[in-house]
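Below: one structure, written as structure tokens.
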Amino acid sequence: MKRVFLLPAGFLFFCLSGVSATTQAQTTSTPTPDREVACDILVAGAGLAGVATAYESLHAGKTVCLTDITDWLGGQISSQGTAALDERPTQRRRLFFPRGYLELRQRIEDFYDRLNPGKCWVSESCFLPRDAHHILQQMLRDAEQRGEGRLHWFPNTVVKELRKNEPGNFLTSAIAIQHQSAADAPPLNTKPLSETITEAYRYQDSENFTKTMIRLHPPAAETENNDGPNWYVVDATETGELIALADVPYRLGIDPRSAWEPSASTRHGDRYCTQGFTYTFAMEATQEPPSHTKPDFYDRYQPYYSYELERLADFSLVFTYRRIHSAKPDKPLPSNIRDYPIHVGDISMQNWTWGNDYRPGTRRDNLIYTREQLQAQGQLEPGGWMGGLRVETLAAAEELARGFFYWLVRGETDSQLGAGVKEPHPNYRYLQGYDSPMGTAHGLSKYPYIREARRIIGRSYPAYPEGFTVWEVDISRQNFQQDWYRLNLTPAEYEGLWTEIAGVDTLQAIRADGPQPRLQRSRSRIYPDAVGIAHYAIDFHPCMGMHPPEAPGNFERPGERFGAGAAYPFQIPLRATIPQQFDNFLVAGKSIATSHVAAAAYRVHSFEWSVGAAVGNTVVFALQREILPVELVDDLPRREPMLEALQGRLRTRGNPIAFPDTSIFNQDWQDWR
């Protein structure tokens, strides 16, 4: 086996303090499992990345264990409520997506007899979150039958412990906890996540839940000290839970400004400032105004709410933006989105930056705990894992979202635009109940929409001695000729920036005396280990400058939006999915090795599917060829024949790894929008 050189575990962007006593972990010995389930692949997290991993693996005849803390498949488009597909126009026009994502789009169209049953204007496809789960469920059943694979679906299940072999380079088993409603307790999805998440991670039965302990392991009988992996573990969770639990190197928040991340908002980085997260909800237009009760907590959050921009200060525009159900789907729409009518019975999903986005940015309120915070709480001790999230911040975000509905229908203030802008719009009701679009009694999404997670630091390579990462300069259309870069980077960083974006002219840039403006990049970086594609703008929902986020007069972290803007079509490198330390552990979803700025583009629906498809095929290939994923890339930039075989597998199975006409000599990507 080829030797892999790893970074020292101390090379992490982690933090100190900020520990909340109410979320202190309680370490305990592992109870005897109630069930033992063997699988070829354990996928933690059933969002689009996890579903895509399972989809490709089932087509290849593998046995997949798929877990999720909620009872819905789909993540963004179901349990998180953002059922409005984020796509770029050129990619959408060409329908250049992975096969499973194309099948998903087709099934949505078949299910509703139209692709856009909501007649929204943010996307070509807006639909009900509850329906997305059923569509994906049928897709996985069909994949299971076609490929003769087997799916073990574990809803309402969290991974509590990971076991490793000696000397510790393989994960050999996992302990999961599945919860059900306890006798005489209300049904699941009655209470919001903040009130149940701590119970979900405890081994013991509770007032609300009864628990089943499940040991997930490889098919072989002897698994604890095997010499090589006969299964793989994939982290497709929304926050990078297994990354933290496995204690592999990762980043959180803002990266320090550098030649690779030149638009970073701070010279030193900030691990507490991640993008805002959102509890979505649905609201329905009514003939008469229903009764609206002002929440007890409304005054706390009212100073935050705003339409944000004058051009967006239009209730009808906001409502139809993410309308997920149209009561009159066959009625033609006017050409101007500002003239879109709202009919009684129309349903809209809300996901608004100065509305239900909660945007903590300090060590007192950060949602995703850092390694030092987890250590201080005991969450990294055996049996101590409690999900790695701050419960108080979840609860505040839930209140913010419920208050935002009241502001939309009854509010008369606007924190950014001043008086006289916001008017009441009372003819709308808040949808809640188990048969509502979000499937919860409280009406909020089952899980918040997470825009930024823990991000692994990849392994070291000749061009990446500090660990593989996809950086801002690899994908951005930013005009780096602006004076800001010359004034805010050191001379060495500024020269390094121009070398990084030179492409085929790199040698010319290195030899040149000073930066060469003519070398402005006109395409994204092309990776020899590309295994998938994605395209979206670098889109920021910045953290707030003060604690708490809803404090009167609060402001977005200065400079955070500076790196935002268009990006070229980009690729998903295999190296970005391979963490340090464990050779049978891969990452799908938002936790791949990207920087803070790049992650703002690598987070949308089609990307999640593409990276999940890539990881699923990689795992199947590795099991079939008895080769580790890291061995496919450890000789780069030299040619890797086995890597080329994997890439051929992806292409022949309808999962593109490059956009049309991709070549290091093709610099003309300006038409991609």
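The values are calculated or read from the model by the stated rules, or taken from the named source; none is laboratory data. Predicted model, so just to flag it, every value in this text is computed and none were measured. Virtual Cβ from ideal backbone geometry, glycine too; neighbours counted across all protein chains shown. Accessible surface is based on the protein model in full, side chains and every heavy atom, while ligands, DNA and RNA are left aside. Shrake-Rupley method; radii C 1.70, N 1.55, O 1.52, S 1.80 Å.
Annotations
- Binning the alpha carbon pair distances of segment 206-342 at 10 angstrom intervals from zero yields the distribution 7, 17, 21, 22, 21, 10, 2, expressed in whole percent.
- Gyration tensor (alpha-carbon) shape descriptor, segment 144-200, a/c threshold 1.5: oblate
- Scoring 599-605, 294-300 by mean Cβ neighbours within 10 Å over their residues and listing the highest first yields 599-605, 294-300.
- Legend: translational diffusion of segment 540-584 by Stokes-Einstein, Rh = Kirkwood radius over C-alpha pairs, 37 °C, 0.692 mPa s; D = 230 µm²/s.
- Largest-first ordering by accessible area, 1.4 Å probe, given options LYS211, LYS328: LYS328, LYS211
- For HIS325, distant residues with modelled amide H under 5 Å away: ILE347
- Derived value for segment 385-507: Kirkwood hydrodynamic radius 20.2 Å. Basis is the mean of 1/r over every pair of different alpha-carbon atoms.
- FRET efficiency, 1/(1 + (r/R0)^6) with R0 51 Å, evaluated for SER335 and PHE555 via beta carbons: 0.85
- Kirkwood Rh, Cα atoms: Rg over Rh of segment 413-458: 1.22
- Dipole magnitude for segment 555-673: about 240 debye, using +1 per Lys or Arg Cβ and -1 per Asp or Glu Cβ, origin at the Cα centre.
- In the context of the full set of protein chains, residues of the chain present 36 Å² of accessible surface per residue (probe radius 1.4 Å, heavy atoms only).
- Rounded percent of accessible protein surface that carbon and sulfur make up, segment 385-509, 1.4 Å probe: 48
- Residues in segment 332-347 carry Karplus couplings, in order, of x, 9, x, 6, 8, 4, 6, 9, 4, x, 10, 9, 4, x, 5, 10 Hz; the curve used is 6.51 cos²θ - 1.76 cosθ + 1.60 with θ = phi - 60°, and Gly or Pro positions show x.
- Taking label positions 7 Å along the Cα-Cβ direction at both GLU124 and LYS328, the computed distance is 2.6 nm, reported to one decimal.
- Legend: Rg and Dmax of segment 621-673, from Cα coordinates, 14.1, 42 Å.
- Over 19 Å (Cα to Cα) - which of LYS119/LYS328; LYS294/LYS422; LYS191/LYS211; LYS160/LYS211; LYS191/LYS446 fall in this group: none
- When the solvent-accessible area of segment 85-215 is split by element, carbon and sulfur atoms take up 43 percent of it, the probe being 1.4 Å.
- Taking amide hydrogens as placed 1.01 Å from N in the peptide plane, the amide H of HIS541 sits under 5 Å from those of GLY276, each at least 5 positions away in sequence or on another chain.
- For GLY616, net neighbour charge (Lys/Arg +1, Asp/Glu -1) across residues whose Cβ lies under 13 Å away: +1
- Carbon/sulfur fraction of accessible area - segment 588-641, other protein chains in place, 1.4 Å, %: 41
- Once all protein chains are placed together, MET546 keeps about 70 Å² accessible to a 1.4 angstrom probe.
- Here is how the number arises for the chain: DSSP H runs of 4 or more residues each give -39500 (n - 2.57), the sum is divided by the residue count, and the result at 222 nm is -7000 deg cm²/dmol.
- Translational diffusion coefficient of the chain (Stokes-Einstein, Kirkwood radius from Cα pairs, 4 °C, 1.567 mPa s): 51 µm²/s.
- Taking 0.36 nm per residue of sequence separation and removing the Cα-Cα distance, the LEU312/GLN106 pair yields an extension gain of 71.0 nm.
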